[in-house]
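Notes to accompany the following structure.
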Amino acid sequence: MIRISAPFLGEEEISAVERVLRSGMLSQGAYVEAFESAFADFIGVEHAIAVSSGTAALHIALLAAGIGEGDEVITTPFTFIATANAILFVGAKPVFVDVCEDDFNIDVEKVKDAITERTKAIIPVHLYGQPCDMKAIVDLAEDHNLHVIEDACQAHGAEFAGKKVGSFGTAGCFSFYPTKNMTTGEGGMITTNSKEIAKKARMLRNHGSSARYMHEILGFNMRMMDISAAIGIEQLKKLHYFTKRRRENAEYLTERLKGIRGIVTPVVKERRTHVFNQYTIRVVDDEEVEGADGANGDKGNRGKEGVNRDDLARMLTERGVEVGIYYPTPAHKQPLYRKLGYDCSLDVSERLSAEVLSLPVHPGVGKVDLDYIVDIIKRAMMK
């Protein structure tokens, strides 16, 4: 089976974990502090705060920014559910804005129309590893005095205009789940240039405490362990290589999939460095799609009659290629949000959820694997 994702752990990570185990100090300590310092330097910010997950990073970042009951936070529905749920965690209301068809990221023009007097923040999601238009988002936020909390959980090392995501807004949030471009097993990180946000985030992750057994605010147990941080330190050293392999594999696939009837390859927008946490194609039906451009600029032609995304996914899976569908149901259509009264229609997100299909491009995938994947897709779509 060619896996859709796989963590790449070597002797360096094993030795690092062994050192922590032998030290007898397993919880948050010197390794967490070292990982935070290294990650802050990597992103280009003053502060990094390690937490237990990407979800925890979003939750704490919102609280640290003062978002709460009665506030509205604008975000995308075409994302993992944690993005929206973190807004609910703090008592605020998610306001969903549709995405752009070409890069799957939030449509800034539609964000403008969604701002109200209750709006306090925007959460742009750098989906699949491609940055949003951060200049437009930051400019809009400054005009309306809004926080920007970047969901960079899939975008370690991605750049907009030469600047790394996670360094643009009030705070950036990263995940180190095993499917990400680097992993700590479980874990997350908040990045910020704000001393105040950093201080509050550190308290929130540790029972509201800034000094042992002195609890100034209501907080949580959302700390990272030294075991996880030790893995993260070694993974960060390898991230450049991991990203290089992902980008090479993505380019290789795009060159061989372009022009195949029914396949729309990923677009990499100008001024973006895409890190391809996912390589996501669209599978479309039997008529030419107006404006569905692949990364090569070709029109995306809709596929052989009767072959849809789910058909192609099944064919690949049956032939030993694991694929992913991220995401089959947009957040606003999830049962939880329907129960909460969300009844909006967001056409682009809903259409994309029926078309997107992610293919393996992680560093363990070689050209033989990629050729095999391309051959299956050609046979399926060009008969």
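The values are calculated or read from the model by the stated rules, or taken from the named source; none is laboratory data. Quantities reported herein were computed from a predicted structural model and do not represent experimental measurements. Note: ideal-geometry Cβ built from the backbone for every residue, glycine included; neighbour counts use all protein chains shown. Quick note on the areas: whole protein, heavy atoms, side chains included, nothing else; ligands and nucleic acids left out. Shrake-Rupley method; radii C 1.70, N 1.55, O 1.52, S 1.80 Å.
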- Can you tell me which residue in the range 319-346 is most open to solvent (accessible area, probe 1.4 Å), limited to those that are charged (D, E, K, R) and farther than 18 Å from Ile281 by Cβ? Lys339
- Message: So, in the range 1-32, how many residues would count as being in contact (Cβ under 8 Å) with a residue 12 or more places away in the chain and of a type in the set (D, E, K, R)?
- Response: 4
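When you go through Arg212, Arg205 one by one, which is the residue that is touching a strand residue (DSSP E or B) at 6+ places or on another chain (Cβ under 6 Å) and basic (Lys, Arg)?
Going through Arg212, Arg205 in turn, the sole match is Arg205.
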- Residues being open to solvent by 100 Å² or more (accessible area, probe 1.4 Å) and under 21 Å from Ile67 (Cα atoms) - total across the range 204-220: 3
- Could you pull out the residue among Val356, Val361, Val368, Val374 that is under 19 Å from the mean Cα position of the chain (by Cα) and under 13 Å from Ile2 (Cβ atoms)? Val361
- Item | Hits in the range 185-202 - residues which are crowded, with 20+ Cβ neighbours inside 10 Å and over 16 Å from the mean Cα position of the chain (by Cα) | Thr192, Ile197, Ala198, Lys200, Ala201, Arg202
- Message: Go through the range 194-243 and report how many residues are farther than 23 Å from Thr170 by Cβ, modelled with pLDDT of 95 or more and charged (D, E, K, R).
- Response: 4
- Using the structure shown, decide if Phe176 is in contact with a helix residue (DSSP H, G or I) (Cβ under 8 Å, 6 or more places away or on another chain) and open to solvent by less than 30 Å² (accessible area, probe 1.4 Å). yes
- Message: Residues that are buried (at least 18 other Cβ atoms within 10 Å of the Cβ) and out of contact with any strand residue (DSSP E or B) (no Cβ under 9 Å at 6 or more places or on another chain): does the range 347-354 have at least one?
- Response: yes
- Any idea how many residues of the range 1-40 are part of a helix (DSSP H, G or I), within 15 Å of Met182 (Cβ to Cβ) and open to solvent by 50 Å² or more (accessible area, probe 1.4 Å)? 1
- Assess whether Glu248 counts as being at pLDDT 95 or above, open to solvent by 10 Å² or more (accessible area, probe 1.4 Å), closer than 21 Å to His156 by Cβ and outside any helix (DSSP H, G or I). no
- Query: Listed residues Thr317, Thr329; which is at pLDDT 95 or above, hydroxyl-bearing (Ser, Thr, Tyr) and in a helix (DSSP H, G or I)?
  - Reply: Thr317
- Query: Would the range 332-345 turn up any residue that is closer than 24 Å to Lys269 by Cα and either modelled with pLDDT of 95 or more or not basic (Lys, Arg) (or both)?
  - Reply: no
